[in-house]
């Protein structure tokens, strides 16, 4: 049984390598497109910008120092733009209209409240359409919260120690207990720029997985037209051998394509997709799902040309809906919801998380969902083959 499977797989692999189509789709096209995106979006300057509104209803020193420290932060020097607004309603309209990506609102008396050790809260306005600005604004507020907490604790400790109330503020400042300097070292922006080249390189790898696998699965329809499957039925081999053999070759070619695109982006442009083991596991699950889906298409198509058309449509529809071609956050809400029904959507989300510093555990969910899609599609394909091509 294993020998017959190896013979069928070896024959399929030689056929794909001889006609050149597999090599074109597996290596040349995705690597070339990923390289173009690397050249277009790579470089030293961050490809994204973030505009954040500041509503200073306090008028004290604290908002001024926050603004000064944020603009002086190395990670945000060429990324962040701050704009002033008179009140929260005006800033909210600007966020809704896309004029700014987020806004931070300092309430009246904030600096005095913090100086007296009574704490204080600021408000953050964000928009789903501009996630980078939201990340930066929330990171700034997290750091502000740390400053406020440190100052509050210092003031209370000074009062408990017997320092007169009118001397507490000066005492705290002279003893360096005003809290840490505002930095964004713990922010996802720190340690590297947000690189669109990573998104599009991985997107090309994910997209072409469908096209690469389809070069093998469509061969089942060709074999049916040529009578090869009929001859295999009377041979002393299991009926599922040609299906599994072609599926294995398609899977291996698609994984080779993904790895080649990944390696080229790393070697030529210095990009990082994240934890290698997690990337490999997630991409492997995606390729498995792509193989199952193209098998299902082959089982329902009447001709190889029809299968090619279906697979091409599915590949690009999944690529667009699933964030392989267009970032998910740039899509309307209802399309983002539809992305959850595609393996591309889960894979793109997982790869984005890995590029931001996630590990294997952080993508366990996406891997599980993509594998579930593969199992469902593969089971339906097996039933279809049993009733159709192999019946």
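What's the extension gain from residue 86 to residue 306 if we count 0.36 nm per residue and subtract their Cα-Cα distance?
Additional length available on full extension: 73.1 nm.
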Next item on the list: Just order 295-308, 201-214 by mean Cβ neighbour count inside 10 Å, highest at the front, would you?
Entry: 201-214, 295-308
Margin query: If N is the number of residues in the range 235-391, what value comes out of its Cα radius of gyration divided by 2.2 N^0.38 Å?
Written below: 1.11
Note to self: For the pair residue 376/residue 272, report the inter-label distance in nm, with labels modelled 7 Å from Cα in the Cβ direction.
What the structure shows: 3.5
Next item on the list: Take peptides 263-274, 246-257 and line them up by average Cβ neighbours within 10 Å, highest first, as a rough protection proxy.
Entry: 246-257, 263-274
Note to self: What number does the range 310-384 give for Rg over Rh if you use C-alpha atoms and the Kirkwood radius?
What the structure shows: 1.01
Notebook entry, point to check: Between residue 338 and residue 356, what is the label-to-label distance in nm when each label sits 7 Å out along the Cα-to-Cβ direction?
Noted result: 2.4
Checklist line | Label-point gap, in nm, between residue 97 and residue 316 - each point 7 angstrom along Cα→Cβ | finding: 3.7
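None of the figures in this text is laboratory data; all of them are computed from the coordinates on show. Small disclaimer: the values here were computed from a predicted structure and weren't measured. Glycine also receives a Cβ, built like all others from the backbone with ideal geometry; neighbour counts cover every protein chain displayed.
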